[in-house]
Amino acid sequence: MSLYIDLFRFLAVLSIVISHGLVTQMGGDWLKFSLGLEAIEATFVLSGFVIAYVVATRERSLAVYSASRLARLWSIVLPALALTFILDGIGLRLSPAPYEDWGEYMGFDNPLLRLFLTAIFQNQTWFLEVSPLSNIPLWSIGYIAWYYAIFAAFMFSPRAWRNWIVAAVALFAGPQILLLMPGWLFGVWLYQRRDKLKLSPGWGLALYLGAPALIFALKTLHVSPWLFSMQRLLLGANVADRYLNIAENFLWQNLVGALICLHLLGAMAIAGRLGRLLRPAERAIRHAGALTFAIYAFHFPLELWIAAALHERPDGPVKTGAVVIGALVASAALGALVRPFYPRLKEALLLGFRKSGYRLAKALD
């Protein structure tokens, strides 16, 4: 199953990279169908599943968990922010066209503040919508980091104080982050119930194939805008348009999360067959899976920069292919370059947390 999860998360990130390359600013207006938002929801479900697994198996203390999660995020996010700052400066001089018409999703005023808020995962709390310059996809890190924190509060808090601590952390995160949390919790639920949710191979294959097919069908039938309209009626147009930001279509995103959960449940039932099918490509799949976070964090400013460099080229499949492939290769290479930072940063953070805990215990004594 772990081999399939590596493949699935790589395919999800690949879908995101391709979807972003198909926007008008990148010269990809020739194809209208996109699954970028749905693919991001898939990464939310996978994140919940993986975090539930690591807490159950190896990250069993708050210090280890916190060091691991922060190191995982910062080892990629901080280099991505630095890359964004550099590439935006070059790309805007080459051609401003790819950086225009993004509305509130992209901003270049107060650049250091934008980068700082993203680095400390405050770019999406409550009703903020702070993009780190052009790197719009990093909005999801502002959600994922808080899901890590809420889950840590639940798993590691003293039982007597657990509900209060979880509520305090959730309150600090704010409503728009909580609106998309069900998708992440679907992944946690699936891992924790994996031994009780035994399906026959037939039912497993049905869910494995049927859940993605249903997402495609619902997308084609424009269920997403219909749910968005329903939300605006229930919440009021002012609330939906002004305060929810990326979570503005939370009903659709959580519905997709539930269907992704069913897809993974089906994959569990046929994991043996999937494993035998994927085994010849195991090495490539493991390598690709290890680079998915880096590809996600690096790809968008690279796509914009390439599009700016190719601004004199005509729009169409050739330009889109150059943007997507160029960003994919470059972000994978950068991911491999920064990969050694994770264990070093984790070790440093863990040492710092343990020293702080020792000093606190000594002060309390």
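Structure notes:
- Of the candidates LEU138, LEU185, LEU133, the single residue that is of a type in the set (A, V, I, L, M) and open to solvent by 30 Å² or more (accessible area, probe 1.4 Å) is LEU185.
- SER200 of a type in the set (Ser, Thr, Tyr), open to solvent by 50 Å² or more (accessible area, probe 1.4 Å), more than 23 Å from ALA39 (Cα to Cα) and at pLDDT 85 or above: yes
- When THR320, THR292 are checked against the criterion of being over 25 Å from GLU100 (Cα atoms) and among the polar types (S, T, N, Q), a single residue qualifies: THR292.
- Meets criteria (outside any loop (DSSP other than H, G, I, E, B) and within 14 Å of MET106 (Cα to Cα)) for TRP161: no
- Whichever residue in the stretch 251-274 is in contact with an Asp or Glu (Cβ under 9 Å, 6 or more places away or on another chain) and open to solvent by less than 10 Å² (accessible area, probe 1.4 Å) and, among such residues, is farthest from ALA12 (Cα to Cα): TRP252
- Residue within the stretch 24-31 that is at negative phi, out of contact with any Cys (no Cβ under 8 Å at 6 or more places or on another chain), among the hydrophobic types (A, V, I, L, M, F, W, C) and open to solvent by less than 20 Å² (accessible area, probe 1.4 Å) present: yes
- Qualifying residue in the stretch 239-250 (condition: at pLDDT 90 or above, open to solvent by less than 50 Å² (accessible area, probe 1.4 Å) and either out of contact with any helix residue (DSSP H, G or I) (no Cβ under 9 Å at 6 or more places or on another chain) or assigned to a helix (DSSP H, G or I) (or both)): yes
- Pairs with Cβ under 7 Å, 6+ apart, first in the stretch 154-175 and within 24 Å of LEU128 (Cα to Cα) and open to solvent by less than 70 Å² (accessible area, probe 1.4 Å), second in a helix (DSSP H, G or I) and among the small types (Gly, Ala, Ser): ILE165/ALA153; VAL166/ALA153; VAL169/ALA149; VAL169/ALA153
- Residue check, LEU277 open to solvent by 10 Å² or more (accessible area, probe 1.4 Å), at pLDDT 95 or above and not charged (D, E, K, R): no
- Tally of residues being open to solvent by less than 60 Å² (accessible area, probe 1.4 Å) and not in a loop (DSSP other than H, G, I, E, B) across the stretch 100-127: 7
- Evaluated against (1) part of a helix (DSSP H, G or I); (2) under 16 Å from ILE5 (Cβ atoms); (3) open to solvent by 40 Å² or more (accessible area, probe 1.4 Å), ARG194 falls short on exactly one condition, (1).
- Any chance LYS198 is basic (Lys, Arg) and under 18 Å from GLU41 (Cα atoms): no
- Which numbered condition ALA168 fails, given (1) small (Gly, Ala, Ser); (2) modelled with pLDDT under 95; (3) in contact with a helix residue (DSSP H, G or I) (Cβ under 9 Å, 6 or more places away or on another chain): (2)
- Scan of the stretch 218-237 for residues that are open to solvent by 40 Å² or more (accessible area, probe 1.4 Å), hydrophobic (A, V, I, L, M, F, W, C) and assigned to a helix (DSSP H, G or I), ordered by number: TRP226, PHE228, MET230, LEU233, LEU234, LEU235, ALA237
- The listed residues are ALA52, ALA56, and the only one of them that is out of contact with any strand residue (DSSP E or B) (no Cβ under 9 Å at 6 or more places or on another chain) and crowded, with 17+ Cβ neighbours inside 10 Å turns out to be ALA52.
- Matching option when the condition is surrounded by fewer than 18 Cβ atoms within 10 Å (Cβ to Cβ), without any contact (Cβ under 8 Å) to a residue 40 or more places away in the chain and at negative phi, among SER61, SER2: SER2
- Annotation: of all residues in the stretch 73-99 being open to solvent by 40 Å² or more (accessible area, probe 1.4 Å), modelled with pLDDT under 95 and of a type outside the set (A, V, I, L, M), the one that is farthest from SER131 (Cα to Cα) is ARG93.
- Given (1) open to solvent by 50 Å² or more (accessible area, probe 1.4 Å); (2) in contact (Cβ under 8 Å) with a residue 24 or more places away in the chain, index of the condition VAL318 fails: (2)
- Candidates LEU133, LEU138, LEU199 - the one that is under 30 Å from LEU304 (Cβ atoms), of a type outside the set (Phe, Trp, Tyr) and not in a helix (DSSP H, G or I): LEU133
The values are calculated or read from the model by the stated rules, or taken from the named source; none is laboratory data. Computed from a prediction, not measured in an experiment: that's the story for all the values here. Using ideal geometry, Cβ is built from the backbone for each residue, glycine included, and neighbour counts are taken over all protein chains shown. To get the accessible areas, we keep the full protein, side chains included, count just its heavy atoms, and leave off ligands, DNA and RNA. Shrake-Rupley method; radii C 1.70, N 1.55, O 1.52, S 1.80 Å.
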